[in-house]
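The values are calculated or read from the model by the stated rules, or taken from the named source; none is laboratory data. Small disclaimer: the values here were computed from a predicted structure and weren't measured. So basically every Cβ, Gly included, is an ideal-geometry build from the backbone, and we count neighbours across all protein chains shown. In case anyone asks, the SASA skips ligands and DNA or RNA and just uses the protein heavy atoms, side chains included. Shrake-Rupley method; radii C 1.70, N 1.55, O 1.52, S 1.80 Å.
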2 protein chains.
Amino acid sequence: MRYELYYWTGIQGRGEYIRLALEDAGADYIDVAREKGDDVMMPFLRGKQPGLRPFAPPFLKAGRLLIAQTAEILMYLAPRHGLVGASETAQWQAHQLQLTISDFVVEIHDTHHPIAASLYYEDQRAAARKRSQDFRENRIPKYLGYFEDLLGKQRGAHILGRHTYVDLSLFQLMSGLDYAFPNAMRRSKYPRLRAVQQRVAERPRIAAYLASEQRVPFNESGIFRHYLALDDPR
Amino acid sequence: MRYELYYWTGIQGRGEYIRLALEDAGADYIDVAREKGDDVMMPFLRGKQPGLRPFAPPFLKAGRLLIAQTAEILMYLAPRHGLVGASETAQWQAHQLQLTISDFVVEIHDTHHPIAASLYYEDQRAAARKRSQDFRENRIPKYLGYFEDLLGKQRGAHILGRHTYVDLSLFQLMSGLDYAFPNAMRRSKYPRLRAVQQRVAERPRIAAYLASEQRVPFNESGIFRHYLALDDPR
């Protein structure tokens, strides 16, 4: 089956977690908005297409099934492409971790948009600076410390004891945080997360994808944004 | 099977979505921290219990399975207790909507904590006022308008065409917003969501639960908080 992925062009955003899974699996998919433009998503977002209207991208068409929400799409794809263990417990555990990653992604976004997504960063810079300080001092250690601790209970660089889509998402998290908060991340020590990040980057299909033009560079329209004022000084 | 639900005492919080499902289903469960105190959760949160360490409450023990994240727990419980349709599509759709509700709940929380969960509301009041204004003007209409629109495609007060746990969560959302933003909510018109809210409140087990001492009143430690400064004037 050829999947149809729908997500905003121009940013990695939440769509990237799904792209990494599809790429790593070697799955057949079209990144529809990249080929036809963002407008192709509008009939779906307005409920003019069959299936349950998504609240927002990303959404995926798999045959007649239309599903949305990053973590749900990953949960759907993973057992079909060997990206999670076969047991129900393994699938609940992976989803639980992915939902925790989703929570973290909201917090990452809100470092530069603490007041309103409808306002520019420049219009909420003072609040962004305060939120980012708390984020660097409290939230990064809390989330990454949690994943690092779980990795300590496993052999090898796999958070669930074998390669899963959660590892792909951890790669994306670490890469994005390195981009957005280079000073804070340079000072932090998460050797097991670094091992996951490196292992994932070296997987042949992921390495090829990252080197291709398909991988949109991180930029200041996305979720991970590099603003000097929001990182540690120096 | 007797489920064990773990959640902070003293607030409804995210645990309430699960309580409503368990109560509505007439399921056998213990609200463990209510009986033994919040400290009973610490060994789980520190990874000293079998199973995957949860990042935060709520979490649920179902036999030997330990799962966390509100939407995941509901997805697990629902097909076992008739709170979702039997088809895979129905279950993906319900989960998709519940994840959208989870996103909204984060935004509701952040109206009073836009800078940091580690700070008091009083220390972020100016930012809270700005975020709440945007929330009332843009985010409430966007989310509730979405659910209202979906309800318009169904007969009767069921967002997925039959009673599901998503309806229970919509009841909780509307009730919490009524508590936190009474002026803004009095002005808004969501007749189909109001019909869901009323239908759910009248379900016998839910009505009995809401009238019992088990239902913690909304309060200013929870997610839905009533601060005059954050609501519409008058």
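Across the copies of the chain, residue A:123 has label points (7 Å from Cα along Cα→Cβ) spaced 2.8 nm apart, shortest distance listed first. With label points defined 7 Å past Cα in the direction of Cβ, position residue B:191 shows copy-to-copy spacings of 6.6 nm, given to one decimal and shortest first. In this assembly of identical copies, the label point of residue A:226 (Cα plus 7 Å along Cα-to-Cβ) is separated from its counterparts by 4.9 nm, sorted shortest first. Computed from the C-beta positions of residue A:215 and residue B:65, the FRET efficiency with R₀ = 41 Å rounds to 0.65. Starting from the Cα of residue A:142, draw a straight line to each of the aspartates and glutamates and keep only those under 19 Å, dropping any in the same chain fewer than 8 residues away. Qualifying aspartates and glutamates at Cα under 19 Å: A:103, A:107, A:110, A:134, A:167, A:178, A:231, A:232, B:110. Here the ratio of the Cα radius of gyration of the protein assembly as shown to 2.2 N^0.38 Å is 0.94. Where both bridge residues fall in the protein assembly as shown, DSSP classifies roughly 70% of the beta bridges as antiparallel. Can you pull out the chymotrypsin sites (Phe, Trp or Tyr not before Pro) in segment B:29-124 whose DSSP state is coil and whose Cβ has at most 13 other Cβ atoms within 10 Å? Loop-located and lightly packed - B:120. What segment A:3-80 shows is 36 Å² of accessible area per residue, with the surface traced by a 1.4 Å probe over protein heavy atoms. Its Cα gyration tensor gives segment B:133-234 an equivalent ellipsoid. The semi-axes, each the square root of 5 times an eigenvalue, are 23, 20, 10 Å from largest down.
In loop segments of segment A:1-94 as defined by DSSP, the trypsin sites (Lys or Arg not before Pro) with at most 11 further C-beta atoms inside 10 Å of their C-beta are A:2, A:46, A:48, A:64. Taking the DSSP bridge list for segment A:1-120 and keeping only pairs wholly inside it, about 70 percent are antiparallel.
Computed on chain B, with alpha-carbon pairs under 8 angstrom and 6+ residues apart, the relative contact order is 22 percent. When the Cα atoms of chain A are aligned to their principal axes, the ranges along those axes come out at 50, 46, 31 Å in descending order.
The alpha-carbon of residue B:36 sits under 24 angstrom from the alpha-carbons of these lysines, leaving out residues fewer than 8 places away in its chain: B:48, B:61.
Sorted largest first, the principal axis extents computed over the alpha-carbon atoms of segment B:69-128 equal 48, 15, 12 Å.
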